[in-house]
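To start, the structure under review is shown below, and the notes come after it.
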Amino acid sequence: MVSGLNFWDTEIWSFVVTLTILLMGMMVANTLRQVIKPLRQLMIPSSVLGGFIILFVDFIFKKVTGDSMFTTSTLEALTYHGLGLGFVAMSMKTVEKQKDKNKQKDIFNTGLTTVSSYLLQGITCLAITLVLSYFMNNFFASGLLAPMGFGQGPGQAYNWGKNYETTYGFVNGTSFGLAVAAMGFVAASIGGVIYLNIMRRKGKFKGEIGENIKEENLSAESITGHNEIPLSESMDKLTVQIALVFIAYAMAYAFMAGINTFIESGLLGDFGYKTIQPLIWGFNFLFGTVFAIVLKQILKLLKKGGFVHREYTNDFMQSRIAGFMFDLMVVASIAAIDLSAFTIKEFIIPLSLICIVAGVGTYIHMSIVCKRLFPSYADESWLSLYGMLTGTASTGIILLREIDPKFETPAATNLVYQQLWAIVFGAPLLLLLAVAPQSRTHSWVTLTILTVMFIIINIISFRDSIFKKRGAKRA
């Protein structure tokens, strides 16, 4: 039976061409960063710069030909799955338990700081879009895309922007979410450069902003762990790593599809369709993380039972897979922004306001918190957390590397290990994402709950200073 497709048909080549354009965009951006010093000093990641370059080139291409260089659905799929697969790869890595109590405390505080920043971004930006909705026809709950775009990054901004567009009728919701995420990277760059220059004036920073890494010494142990499978046998080691990532992701999909089948039965009514369904498919990365951990435990049990004799996962390769997926996610997300939406005032005014408020608010918030919670490495904590809370974790690492290139302070470690606490304390916020857009009343209730949560999280964060003062007064 003949499929009817020929090798020269567009369908055969479209995905490869799209992937090539995205990778070329990043390569061009990376070259420009190396050649143009001021561009390098802005510390914008190559994936972000590449996305903006592709967005501009596609705009010109559309003006000339009337068509886009690629289909938006392909870019959206790459953004969605890039997030999920990246988190799976990160979760497949071996995580060492922190036994030092001081380090555990700092990790806990970092998780609280992350959540309090999400809440601050959500409170201020939801208040803005709610109030604006009484004067102009903007989507009242769009402010909640600020903690997704700034705090979580392009993947979550896309997921929830798309959900708001398809489920709640937010016109151009996908582009709004992606634009917020793109502006988050810009805020990370501008804020980071300002902070480093302030440090320079105070004499705390004497290096050159955006200086290239001249050498990277990798030991054999950092590339291959003890008793791992061979680099190349009947199956290449990289193939095994990619297979493990996709198996875990497929397990997550099977679980989500099972819940979706139950929802589609109609037993949960509107609550199932409007609240549970968007949550399930919006958190593909979270389920991917869970099933990556499950798969790791299965491999451990197989090894304990004597069915498997060697280590199958390789941390170095999983890091490279995660890095590739996140780079692809970022460049695709920016390239997917619909520039035509920027001509609509109901789109551009709320977008501009929430991006400015989220950026400035996060800058001030980090300046207060880091001095109080991490006094011995406040600057390192500020750069890593501000970068992560406006861009992604990799943006935080880029900023941190400027003053702590060898990661001698706990700032980098805190970013890695804080995720569990951030998920635990941030869970209510994630649930409210599907509640707020149902009506203005739901949004006001959400705003109230977020404010109460923010107060509680900050009491826990500053528990030492609060309760010590009370104890001192009693004494």
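Quick notes
- Scope the range 386-396; condition modelled with pLDDT under 80 and either assigned to a helix (DSSP H, G or I) or surrounded by fewer than 24 Cβ atoms within 10 Å (Cβ to Cβ) (or both); matching residues: A393, S394
- Within the range 129-146, if we keep just the residues that are within 23 Å of the chain's Cα centre (by Cα) and assigned to a helix (DSSP H, G or I), the residue that is surrounded by the fewest Cβ atoms within 10 Å (Cβ to Cβ) turns out to be T129.
- Qualifying residue in the range 339-358 (condition: surrounded by fewer than 17 Cβ atoms within 10 Å (Cβ to Cβ), touching a residue at least 24 places away in the same chain (Cβ under 8 Å) and not in a helix (DSSP H, G or I)): yes
- A count restricted to the range 450-466 and to residues that are aliphatic (A, V, I, L, M) and either surrounded by fewer than 17 Cβ atoms within 10 Å (Cβ to Cβ) or modelled with pLDDT under 90 (or both) stands at 6.
- Cβ pairs under 8 Å, 6+ apart, first in the range 18-40 and assigned to a helix (DSSP H, G or I), second surrounded by 14 or more Cβ atoms within 10 Å (Cβ to Cβ) and of a type in the set (D, E): M26/D327
- Residue satisfying all of: in the range 41-80; without any contact (Cβ under 8 Å) to a residue 24 or more places away in the chain and within 18 Å of the chain's Cα centre (by Cα); farthest from F285 (Cα to Cα) among these: L49
- Boolean, F135 is within 26 Å of Q277 (Cα to Cα) and at pLDDT 90 or above: no
- Flag if G149 is surrounded by fewer than 24 Cβ atoms within 10 Å (Cβ to Cβ), in a helix (DSSP H, G or I) and within 16 Å of the chain's Cα centre (by Cα): no
For every residue, the table says whether it meets (1) basic (K, R); (2) touching a helix residue (DSSP H, G or I) at 6+ places or on another chain (Cβ under 7 Å); (3) under 23 Å from W160 (Cα atoms).
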| residue | (1), (2), (3) |
| --- | --- |
| R33 | yes, yes, no |
| K37 | yes, no, no |
| F70 | no, yes, yes |
| K93 | yes, yes, no |
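- Comparison of L383, L399, L415 shows that the only residue that is at pLDDT 85 or above and either under 19 Å from S116 (Cβ atoms) or part of a helix (DSSP H, G or I) (or both) is L383.
- One residue stands out in the range 6-23 among those that are of a type in the set (V, I, T) and closer than 23 Å to F56 by Cβ: the one that is surrounded by the fewest Cβ atoms within 10 Å (Cβ to Cβ), namely V16.
- For the range 372-385, filtering for residues that are surrounded by fewer than 24 Cβ atoms within 10 Å (Cβ to Cβ), in contact with a helix residue (DSSP H, G or I) (Cβ under 8 Å, 6 or more places away or on another chain) and of a type in the set (S, T, Y) leaves 1.
The values are calculated or read from the model by the stated rules, or taken from the named source; none is laboratory data. Predicted, not measured: the structure shown is a model, and the values here were computed from it. Every residue, glycine as well, gets a Cβ built from its backbone with ideal geometry; the counts of neighbours run over all protein chains shown.
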